[in-house]
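See below for the structure under consideration.
What follows is calculated from the coordinates using simple rules that are stated; it is not laboratory data. Bear in mind the structure is a predicted one, so any value in this text is a computation, not a measurement. We place every Cβ from the backbone using ideal geometry, glycine too, and count neighbours over all the protein chains shown.
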Amino acid sequence: MTVVVTIDVPNGTEEQYEEIAGKMFPEGKLPEGWLLHLAGPSTTGWRVVNVVPSQEKFVDFARERLLPALEEAGDATPQLTFSPLHRLVLP
């Protein structure tokens, strides 16, 4: 089931995001099956929203790429929220 993954990084910054995103998305491409990735500042730090094929696939991705990149950047532990996707409308 397609899910929305919201990642909140307390006290996260644009600079940290750019460093981590470069490791997560080599060549600027999303992993196979991902529909959307967006990021920006939030009231508590930095927020990233992804629309991915399944929670399981995202967990695998996080284990292989996201968490090592966060640890290397010395970033705070992200807070993840998974929600089922009902509809996605793109141009």
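List of remarks:
- Per residue convex hull volume, Cα atoms of region 3-84, in Å³: 83 Å³
- Amide hydrogen proximity for residue 46: with H placed 1.01 Å from N in the peptide plane, the residues at 5 or more positions away or on another chain lying under 5 Å are 9, 11, 12.
- Note on residue 1/residue 63: beta-carbon distance plugged into 1/(1 + (r/R0)^6) with R0 of 25 Å gives a FRET efficiency of 0.80.
- Restricting region 1-59 to trypsin sites (Lys or Arg not before Pro) that sit in a DSSP loop and have at most 10 other Cβ atoms within 10 Å of their own Cβ leaves 29.
- Dipole size of region 3-84 about its Cα centre, with +1 on Lys/Arg Cβ and -1 on Asp/Glu Cβ: approximately 260 debye, rounded to the nearest 20.
- Residues in region 80-86 carry Karplus couplings, in order, of 9, 10, 10, 9, x, 8, 8 Hz; the curve used is 6.51 cos²θ - 1.76 cosθ + 1.60 with θ = phi - 60°, and Gly or Pro positions show x.
- Residue separation of residue 32 and residue 90 scaled by 0.36 nm, minus their Cα-Cα distance, works out to 19.1 nm of gained length.
- Mean separation of Cα contacts under 8 Å (6+ apart) over length of the chain, as relative contact order %: 48 percent
- What the phi angles of region 13-18 give under the Karplus curve with 6.51, -1.76 and 1.60, with θ = phi - 60°, is a coupling list of 10, 4, 4, 4, 4, 4 Hz, glycine and proline written as x.
- Other residues within the sphere of radius under 15 Å centred on the Cβ of residue 4, judged by their own Cβ, net out at +1 (K and R +1, D and E -1).
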